[in-house]
């Protein structure tokens, strides 16, 4: 039977970036709008029919935009026949309700949009649960007390909540109960992952984590180095779950490479919390590769956002880190030469192209050097009952000499600090 070719319903979307003039931390509105459009395009089944920067000198509490601008946009959306308006910024529940009623379209703010994308992209069990938790936390804030009169109250038999409980309270309680259930499931998944991580720690392979702003090319680099087929596309949030693969470096050294979710400026607080567990791989990494899209005009701002999120996650400032200036293939010859020579002068910076492979040999050599731990000689005594530890030392090829005594074994070992740590944890 042949494949059915059904056209997916496409939603016409208009993207607005509110430019708050009195916000000292405001981003360049044109680039912010460009990123917002990229975010919108990452949503399944949408057609971005237009976009605008809307200057907001003063916010209207219940409306966000001024009266004239709200009316002007209403006429525009009616003419263009828009079904969904994405507002690249925070929108309060009251503002959302008022704008939807006035414009006759669905309105989604930046947090809602990112949640939609995350829910479409999450692949692992943990990723799915994290998204559901974040979505419920967001939904809970959207419960607007729209009605206070009696029709909004429901009677009851006293089994749940009691008579007179308002619908909004019932909705809130239902969400809270669902969040408790999800948290229990998530705890189980996180424990399982912690066990996997613990067992991986016993494998003497260092972990190298790729981090970077979303769409910096991490997954393309990951695929090139590992031969894996992680979903890599020129799209924001192409990867949402950490993917781990064992890689043999040109030096013969084995490492575990971890690809992580892309960071983004003004990441909603619910999502920073929700994806903290997903990003724990970064906290455990022996080396971090900060992948930057050096072709982006906002590369410095994006790098600052990544550094801030890593700081929020608790990554130590002195954590071993290499900056990978990626996408040099997208630069013109002059810019490419400038960035390449600058990277050569800087410490722990490499200019690369994950697409063409340029600069990757030098990067991998540095990764190998960074992960080659100095070794020390130690003499340790093990009782006869510690056969497992003794077997592990021989299995890892760390024993240089062994003498049997009345009390057990005296072994001369030659190992790295990491190998000693793994031995102590056995």
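The values are calculated or read from the model by the stated rules, or taken from the named source; none is laboratory data. The structure presented is a predicted model; accordingly, all values stated were derived computationally and were not measured. When we count neighbours, we look across all protein chains shown, and the Cβ atoms used for this are built from the backbone with ideal geometry, even at glycine.
The single condition among (1) in the same structural domain as residue 283 (by TED's automatic domain parsing); (2) farther than 20 Å from residue 282 by Cβ; (3) part of a loop (DSSP other than H, G, I, E, B) that residue 354 does not satisfy is (2).
Residue by residue, here is whether (1) under 20 Å from residue 224 (Cα atoms); (2) touching a residue at least 40 places away in the same chain (Cβ under 8 Å) holds:
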residue: 294; (1), (2): yes, yes
residue: 310; (1), (2): no, yes
residue: 317; (1), (2): no, no
residue: 337; (1), (2): no, no
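Take the residues in the range 160-179 that are over 30 Å from the mean Cα position of the chain (by Cα) and not in a loop (DSSP other than H, G, I, E, B); name whichever of them is modelled with the lowest pLDDT. Here the residue is 166.
Taking the listed residues 152, 140, 123, the one that is surrounded by fewer than 19 Cβ atoms within 10 Å (Cβ to Cβ), under 24 Å from the mean Cα position of the chain (by Cα) and modelled with pLDDT under 75 is 123, with no other qualifying. Restricting attention to the range 77-99, the residues that are over 28 Å from the mean Cα position of the chain (by Cα) and either surrounded by 15 or more Cβ atoms within 10 Å (Cβ to Cβ) or not assigned by TED's automatic domain parsing to the domain that holds residue 24 (or both) total 8. Could we say that residue 393 is over 27 Å from residue 286 (Cα atoms), touching a residue at least 24 places away in the same chain (Cβ under 8 Å) and either touching a helix residue (DSSP H, G or I) at 6+ places or on another chain (Cβ under 9 Å) or not in a strand (DSSP E or B) (or both) here? Against the criterion (over 27 Å from residue 286 (Cα atoms), touching a residue at least 24 places away in the same chain (Cβ under 8 Å) and either touching a helix residue (DSSP H, G or I) at 6+ places or on another chain (Cβ under 9 Å) or not in a strand (DSSP E or B) (or both)), residue 393 does not qualify.
With a requirement of 1 or more residues that are surrounded by 19 or more Cβ atoms within 10 Å (Cβ to Cβ) and at pLDDT 85 or above, the helices (runs of 4 or more DSSP H) lying completely within the range 213-305 that satisfy it span 218-226. Would you confirm, using the coordinates I've provided, whether residue 401 is modelled with pLDDT of 90 or more, assigned by TED's automatic domain parsing to the domain that holds residue 223 and over 27 Å from residue 282 (Cβ atoms)? Judged against the criteria, residue 401 is not a match.
Among residues of the range 404-426 being over 21 Å from residue 286 (Cα atoms) and surrounded by 11 or more Cβ atoms within 10 Å (Cβ to Cβ), the one that is nearest to the chain's Cα centre (by Cα) is 413.
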